[in-house]
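Novice: Encoded as structure tokens, here's the structure I'll be asking about.
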Amino acid sequence: MSQATTTATKWIRKSFIGKTKLPVVYEPSEEIELLDLTDWVKKNQKEWREDLKTYGAILFRGFPVHEATDFQSILLATDEKLGEFYLGTSPRDQVVKHVFTASELPPPTTRSCNMPR
């Protein structure tokens, strides 16, 4: 991680991976509880929404998120209107009300083809 591009806001450190500016990475600069993160998300809507708009994604790394319910509590702190159904085309399972598994399709296979040139 490039330390030259690191900034801090309260106890959240923001940086980037290498020289890229996508995504912005949020990490705790001290040990925190999940409630600290959800409170920060609620109280700092303008800041993280601006980062999301600017960088297109936010990677939360190193926070105490261990269960689907932990992740859902962060989602609820955003004050977004969250759906309860997955409407995409990849098969997924609902873990908790607003959290679904990643695609359950098998990974693509790589085929080797020995065709004459």
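The values are calculated or read from the model by the stated rules, or taken from the named source; none is laboratory data. As the structure is a prediction and not an experimental result, all values here were calculated from the model. Keep in mind that these areas ignore ligands, DNA and RNA; they rest on the heavy atoms of the full protein, side chains included. Shrake-Rupley method; radii C 1.70, N 1.55, O 1.52, S 1.80 Å.
Novice: Carbon and sulfur: what percent of region 19-117's accessible surface (1.4 Å probe)?
Specialist: That fraction is 54 percent.
Novice: Shape of region 33-105 from its Cα gyration tensor (a ≥ b ≥ c, root eigenvalues): rounded if a/c is under 1.5, otherwise prolate when a/b > b/c, or oblate?
Specialist: prolate
Novice: Given a 1.4 Å probe, how much area per residue of region 15-117 is accessible, in Å²?
Specialist: On the way: 7810 Å² over 103 residues.
With the other protein chains kept in place, region 15-117 gives 76 Å² per residue.
Novice: Now, a different point. Report relative contact order for region 55-103 in percent, whole number only (criteria: Cα-Cα under 8 Å, sequence separation at least 6).
Specialist: On the way: 28 pairs, mean separation 14.9, N = 49.
Relative contact order, region 55-103: 30 percent.
Novice: Check Arg13: other-chain or 5+ apart residues with amide H under 5 Å from its amide H, H built from backbone geometry?
Specialist: Excluding prolines and chain starts, which carry no amide H, the hits are Glu27, Ser29.
Novice: Follow-up question, since we're still on this one. Which ³J(HN,Hα) values, rounded to whole Hz and listed in residue order, are derived for region 95-103 from phi using the Karplus coefficients 6.51, -1.76 and 1.60 in 6.51 cos²θ - 1.76 cosθ + 1.60 with θ = phi - 60°, glycine and proline given as x?
Specialist: For region 95-103, the Karplus-derived couplings read 8, 9, 3, 10, 10, 10, 5, 5, 3 Hz, x marking Gly and Pro.
Novice: Follow-up. With all protein chains present and a 1.4 Å probe, how do Ile58, Ile12 order by accessible area, largest first?
Specialist: Accessible-area ranking of Ile58, Ile12, largest first: Ile58, Ile12.
Novice: Find the relative contact order for the chain and round it to a whole percent, using C-alpha pairs within less than 8 Å whose residues are 6+ positions apart.
Specialist: Answer for the chain is 18 percent.
Novice: Lys pairs in the chain, Cα-Cα under 20 Å, at least 8 apart or on separate chains: how many?
Specialist: Taking the Cα cut-off of 20 Å, the pair count is 18.
Novice: Right, something else. GNM on the chain, C-alpha springs below 10 Å: top fluctuator among Ala57, Ala102, Ala77?
Specialist: Most flexible of the set in this elastic network: Ala102.
Novice: For Glu31 and Ala102 in the same chain, what is the full-extension length gain: residue separation times 0.36 nm, less their Cα-Cα distance, in nm?
Specialist: My answer for the length gained is 22.7 nm.
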